[in-house]
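Contents: one structure, followed by commentary.
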Amino acid sequence: QLQLVESGGGLVQPGGSLRLSCVASEFSLGLDYYAIGWFRQAPGKEREGVACMSASDGTTFYKTAVKDRFIISRDNAKNTVYLEMNNLKPEDTAVYYCAADRSWFTLREAVKTGVGKEGLGSWGQGTQVTVSS
């Protein structure tokens, strides 16, 4: 099972940028066997999907709220997943989590609709992002 550790969160002004990282470890297969995704949870709200990327061909999916502002990427050689966040808004304030699963279909559906997110293979502990002036 993957162990995932996020970093890169912090306080940023509206319109600013941050890049989150998620380092994977303790796995028998390489990170390139896993679909990966980012979720976020704001206070008092359910955890929601943000973006995800397939293992095979780099297909991506973004929620409408972050499309054209956020970019998900991966460096399998470094066992690291990234989420570049631009033009940040106060409503982006949340704890951000990375997740991984062997099934692209399962992970994409979890990001897209929330269905099945509790059953995803691996989760990180989260990193706080606060967007405020």
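The values are calculated or read from the model by the stated rules, or taken from the named source; none is laboratory data. A quick note: this is a predicted structure, and the numbers were derived from the prediction, not measured. A quick note on method: Cβ atoms are made from the backbone with ideal geometry, for glycine too, and the neighbour counts reach across all protein chains shown. Calculation scope for accessible area: heavy atoms of the full protein, side chains included, ligands and nucleic acids excluded. Shrake-Rupley method; radii C 1.70, N 1.55, O 1.52, S 1.80 Å.
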With a 1.4 Å probe and every protein chain kept in, tell me what percent of the accessible surface of the range 23-133 is carbon plus sulfur. 48
Extend 7 Å from the Cα of Leu11 along its Cα-to-C-beta direction; within the range 119-133, residues with backbone N under 18 Å of that point are 127-133
Integer Hz, Karplus 6.51/-1.76/1.60 couplings in order for the range 111-128, x for Gly and Pro: 5, 6, 10, x, 5, x, 5, 5, x, 4, x, 9, 10, x, 8, x, 9, 7
Using only the Cα atoms of the range 44-133, what are the Rg and Dmax in Å? 12.9, 40
One finds, for Gln1 and Ile71 with R0 = 35 angstrom and r their Cβ-Cβ distance, a FRET efficiency to the nearest 0.05 of 0.80
Please compute the alpha carbon radius of gyration of the range 1-78, then divide it by the globular-protein estimate 2.2 N^0.38 Å. Two decimals is fine. 1.18
Residue by residue through the range 54-70, the couplings from Karplus 6.51 cos²θ - 1.76 cosθ + 1.60 with θ = phi - 60°, in Hz, x for Gly and Pro, are 6, 7, 7, 10, x, 4, 10, 9, 10, 5, 4, 4, 10, 4, 6, 10, 10
Given the Cα-Cα distance of Ala42 and Thr60 and 0.36 nm per residue of separation, how much length would full extension add, in nm? 4.2 nm
Under a 1.4 Å probe, what is the accessible area of the range 1-92 per residue, stated in Å²? 52
